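Read through the structure below, which is laid out as structure tokens, and then see the notes.
The values are calculated or read from the model by the stated rules, or taken from the named source; none is laboratory data. As the structure is a prediction and not an experimental result, all values here were calculated from the model. Virtual Cβ from ideal backbone geometry, glycine too; neighbours counted across all protein chains shown. Areas reflect the complete protein model, heavy atoms only, side chains present, ligands, DNA and RNA absent. Shrake-Rupley method; radii C 1.70, N 1.55, O 1.52, S 1.80 Å.
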Amino acid sequence: MNTDDLIRSLSRNVPPVPRGTLGRRLALGMVAGALVTALLVAGVLGIRPDLHAAMHGFSFWMKWTYTVSLGVGSVMAVLRLARPNPQSLRGLWWLSVPVLLLAGIGIGELAYTPSRDWLAMWLGASWKVCPWLVLTLAMPIFIGLLWSFRRMAPTRLREAGAVAGLAAGAWAATIYCLHCPEVSAIFVLTWYSLGILLAAGIGALLGPKLMRW
């Protein structure tokens, strides 16, 4: 029996996968992880007491627009890499757009702020813990994505792990906004992004080991 005949024989009675199964499983894993992250933020860190007022201000929505944009883009990458014949990731160049826009806002902030206050604006009050909190909060979402990948067939395991970590970090940062009172664009661009990139790096390291099938 040649290879083509073998493939046809093995696949003859295999039922088709229902449309949308991939997206639903990824959503389930992410939502489950995000619920755990939200509980950690609410129960351990605490929701910022001025959240209602903050949601009427520019800085809160600036942060959320940035993290949600990265989250949506990275989920698109996860969907592409979850299949055994992954699609090209070239179309995800637009992930640089929110980074560049936030950098532009940060430059504008610096232009209207006395130079003696730049360091305080950049470091804020929580720069030492912010990246590590984002990384820690990303772990439940990353674990949820790993659970989702267990029923899939990724072949580019390091890339899949990296984008799963990127997605987990971005959505964890989105939830972390409910606690974090920092308002500076350059703070968000530096320390939020560092936490997200740390999650992506850990995903890249663990992907080949934990996503193998």
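Only residues that are closer than 30 Å to Leu22 by Cα and crowded, with 19+ Cβ neighbours inside 10 Å were counted in the range 56-68, giving 3. Scanning the range 146-187 for residues that are of a type outside the set (Ser, Thr, Tyr) and in contact with an Asp or Glu (Cβ under 7 Å, 6 or more places away or on another chain) returns Ala185, Ile186. Within the range 41-50, the set of residues being within 23 Å of Ala138 (Cα to Cα) and open to solvent by less than 80 Å² (accessible area, probe 1.4 Å) comprises Val41, Ala42, Gly43, Leu45, Gly46, Ile47, Arg48. Does the range 130-151 contain any residue that is of a type in the set (Gly, Ala, Ser), out of contact with any strand residue (DSSP E or B) (no Cβ under 6 Å at 6 or more places or on another chain) and under 22 Å from Met62 (Cα atoms)? Yes: the range 130-151 contains one or more residues that are of a type in the set (Gly, Ala, Ser), out of contact with any strand residue (DSSP E or B) (no Cβ under 6 Å at 6 or more places or on another chain) and under 22 Å from Met62 (Cα atoms). Just one residue in the set Ala111, Ala53, Ala103 is under 27 Å from His179 (Cβ atoms), among the small types (Gly, Ala, Ser), modelled with pLDDT of 90 or more and open to solvent by 60 Å² or more (accessible area, probe 1.4 Å); that residue is Ala53. Scanning the range 147-189 for residues that are modelled with pLDDT of 95 or more, out of contact with any Ser or Thr (no Cβ under 9 Å at 6 or more places or on another chain), open to solvent by 30 Å² or more (accessible area, probe 1.4 Å) and not in a loop (DSSP other than H, G, I, E, B) gives a single hit, Leu189.
Scanning the range 190-213 for residues that are of a type outside the set (A, V, I, L, M, F, W, C) and crowded, with 20+ Cβ neighbours inside 10 Å yields Tyr192, Ser193, Gly195, Gly203, Gly207. Consider the range 137-146 and keep the residues that are hydrophobic (A, V, I, L, M, F, W, C) and under 21 Å from Tyr192 (Cα atoms). The one that is most open to solvent (accessible area, probe 1.4 Å) is Ile143. Given the condition open to solvent by less than 40 Å² (accessible area, probe 1.4 Å) and on the phi > 0 side of the Ramachandran plot, answer yes or no: does some residue in the range 83-97 qualify? The answer is no; no qualifying residue exists.
A single member of Leu10, Leu28, Leu22 is at pLDDT below 95, in a helix (DSSP H, G or I), in contact with a helix residue (DSSP H, G or I) (Cβ under 9 Å, 6 or more places away or on another chain) and open to solvent by 80 Å² or more (accessible area, probe 1.4 Å), and it is Leu28.
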